[in-house]
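Following: one structure in structure tokens, then a few remarks.
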Amino acid sequence: MVPVEAGSFRTRTGRMDALTEQDVLKFQKDGYLVVEGLLSEAECDSLRERMHEIVEDMEVPMHCRIQFSTDHDEQLRDQVKGNADYFITSGDKIRFFFEKGVFDEKGEFKVPKQHSLNKVGHALHAYEPLFKRVTHCEKVQSIVRKLGWKSPVVLQSMYIFKQPGIGGEVTPHQDATFLYTEPLGRVIGLWIALEDATLDNGCLWFIPGSQNIGITRRMVRTPKGSFPLTDFIGREPDYDDKLFVPATVKKGGVVLIHGEVVHRSAQNNSANSRHVYTFHIMESQDACWSLDNWLQPTEELPFPLLYTR
Ligand SMILES: O=C(O)CCC(=O)C(=O)O
């Protein structure tokens, strides 16, 4: 296993230990920030190797072989009992979500299983030691402290594959749609590229400054005993494609994502995968986590504090 504290890291505005004032201002202005060199190549490879083992060992019941979609209508349509439950109870587990069309009518894999997954979520940060170490590493803590956060907690984590050829589009959204707090502005995603994220393999695209327009859609739990288990309030507007700018990042870099900034990623039509490890944190001081969110802390896994010192 490779240590996760080696070396200094670098933003696009210079070399330093954490973020500069300039970086913080850029993040506040644009709603996202690319920071190169959070992890070394070897650290990225260790995470990828561990995920390879997890996928080799995965066992997914037939009724849980579900595809993951960020499309509003597809999400509602795909909620059949059993698999909706598999998603909504995944906050304190390590579960598997697949790309479209990877199973035949009997539920058997049509593609090699290492190439079938859209993502694994949502508690790698709690149960997988290597992912836990990266989540709480000095550099991450230093970035978040520089943003002025006093008492951040880790909400969820995901490993996203963006498989070559079939890695699906992620439609424009704001993370606060799914991770709602009062007041807003208390959630950030840290999206760590474990391979170069490029224009060809489906890097993130952002509408800079869009974190200031409020949110247009919320995913909420429906009342206990009803079905589907979640619903949406509001709709995502049709954003002008020309407003989006790409955020390419090299292997080992991290993209900071404000909870309200509008972002998306395209289908990966290239021959290369685009693996990332991403997790979301919330500033818990003076903020309320919505009981309507799909994700809830559990007895098994309360949201852990990010800072360890
Ligand atoms: O990895 C991607 O393509 C999209 C991830 C994303 O939108 C998110 O984590 O909020």
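Every read-out reported here was derived from the displayed coordinates using simple, explicitly stated rules and does not represent laboratory data. Note that the coordinates shown come from a computational prediction; the quantities given were computed from them, not determined experimentally. Positions of Cβ are backbone-derived with ideal geometry, glycine not excepted, and every protein chain shown enters the neighbour counts.
Remarks
- For Leu204, nonlocal amide neighbours, meaning residues 5 or more places apart or on other chains whose placed amide H falls under 5 Å from its own, are Ala247.
- Amide H within-cut-off set for Glu195, under 5 Å, with H built and near neighbours excluded: Gly252, His275
- Of the cross-linked pairs Lys29/Lys119; Lys113/Lys162; Lys26/Lys146; Lys106/Lys162; Lys93/Lys132; Lys93/Lys146, those separated by over 20 Å at the C-alpha level are Lys29/Lys119; Lys106/Lys162; Lys93/Lys146.
- Translational diffusion of the stretch 235-309, µm² s⁻¹ [Kirkwood Rh, Cα pairs; Stokes-Einstein; 20 °C; 1.002 mPa s]: 130
- Karplus-derived 3J(HN,Hα) values for the stretch 241-253, using 6.51 cos²θ - 1.76 cosθ + 1.60 with θ = phi - 60°, are 3, 5, 6, 7, 10, x, 10, 6, 8, 7, 3, x, x Hz; glycine and proline are entered as x.
- Selection from Gly225, Pro129, Gln28, by position along the positive dipole direction of the chain (Cβ): Gln28
- Set of the stretch 174-209 residues, backbone N closer than 15 Å to the point 7 Å along the Cα-Cβ line of Leu243: 174-175, 205-209
- Cα-centred dipole magnitude for the stretch 33-289, charges only on beta-carbon of K, R (+1) and D, E (-1), debye, nearest 20: 480
- Close amide H contacts of Phe103 (hydrogens built in the peptide plane, cut-off under 5 Å, sequence separation of 5 or more or a different chain): Lys110.
- In order along the stretch 163-175, the Karplus-derived 3J(HN,Hα) couplings, from 6.51 cos²θ - 1.76 cosθ + 1.60 at θ = phi - 60°, round to 4, x, x, 10, x, x, 5, 10, 6, x, 7, 10, 5 Hz, and Gly and Pro are given as x.
- Farthest positive-ward along the stretch 33-289 dipole, Cα basis, beta-carbon charges - from Val187, Tyr239, Tyr159: Val187
- Look at the dipole of the chain built from charges on Cβ: of Leu301, Gln267, Ile257, the Cα furthest out on the positive end belongs to Ile257.
- Shown in residue order for the stretch 178-193 are the 3J(HN,Hα) couplings computed by the Karplus curve 6.51 cos²θ - 1.76 cosθ + 1.60 at θ = phi - 60°: 9, 10, 8, 10, 10, x, 6, x, 10, 10, 9, x, 10, 10, 9, 6 Hz (x for Gly and Pro).
- Per residue, the convex hull spanned by the Cα atoms of the chain amounts to 132 cubic angstrom.
- With contacts taken as Cα pairs under 8 Å and at least 6 residues apart, the chain reaches a relative contact order of 27 percent.
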